[in-house]
1. Which residue out of Lys118, Lys108, Lys87, Lys93 is at pLDDT below 55 and not in a strand (DSSP E or B)?
2. Could you go through segment 37-45 and let me know if any residue there is part of a loop (DSSP other than H, G, I, E, B), in contact with a helix residue (DSSP H, G or I) (Cβ under 7 Å, 6 or more places away or on another chain) and surrounded by 11 or more Cβ atoms within 10 Å (Cβ to Cβ).
3. Name the residues in segment 21-36 that are surrounded by 14 or more Cβ atoms within 10 Å (Cβ to Cβ) and touching a helix residue (DSSP H, G or I) at 6+ places or on another chain (Cβ under 9 Å), would you?
Amino acid sequence: MNKAELVNEIAKVTGQTKLDVHNTVAALLHHLTSAMAKGERVTLVGFGTFERRQRQARMGVNPQNPNEKLKIAAARVPVFRAGQELKQIVDGKAKIPALPKSVEATAKPKKAAAPKAKAKAKPAKKAAKAKPKAKPAAKKAKAKKRR
């Protein structure tokens, strides 16, 4: 599942617009990222913990030339540790809990659109006959210079 699919699923469940959900997800990721960049730990109870760790400098091996040693610089890296509830659900030992009623209550079922009277269709404008402006002239000028 990617970000767009996540936004679509949340919009269906909550009844919010995709734009509202997209903005909420973007804000969540922005604040999560900025907190981790500051070195703060973000804990979502039951889901997991996001944090920043310091990785020490070390020696590595060049995969193209195993005899050559490389120095790998120290770095700060993001780390996610899954919570106990998430681990159990993924492992199949527990079931996914139902959504809170407050989330389901905000979702409004979509009503089927009432059939509208047929209006006269306007003829579509023909865009195929529109003359291109600058490009053909430039091609003709180049062709003349080559002769």
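The values are calculated or read from the model by the stated rules, or taken from the named source; none is laboratory data. Treat the numbers as computed from the prediction; the structure is a model and nothing was measured. Ideal geometry is used to build each Cβ from the backbone, glycine not excepted, and the neighbour counts take in all protein chains shown.
1. Numbers: Lys108 fails: at pLDDT below 55; Lys87 fails: at pLDDT below 55; Lys93 fails: at pLDDT below 55.
Among Lys118, Lys108, Lys87, Lys93, only Lys118 is at pLDDT below 55 and not in a strand (DSSP E or B).
2. Restricting attention to segment 37-45, the residues satisfying the condition of being part of a loop (DSSP other than H, G, I, E, B) are 38-41, 45.
Applying the additional criterion that residues be in contact with a helix residue (DSSP H, G or I) (Cβ under 7 Å, 6 or more places away or on another chain) yields none.
Among the residues of segment 37-45, not one is part of a loop (DSSP other than H, G, I, E, B), in contact with a helix residue (DSSP H, G or I) (Cβ under 7 Å, 6 or more places away or on another chain) and surrounded by 11 or more Cβ atoms within 10 Å (Cβ to Cβ), which makes the answer no.
3. Here is the first cut: in segment 21-36, the ones surrounded by 14 or more Cβ atoms within 10 Å (Cβ to Cβ) are 21-22, 24-25, 32, 35-36.
Selection gives Val21, His22, Thr24, Val25.
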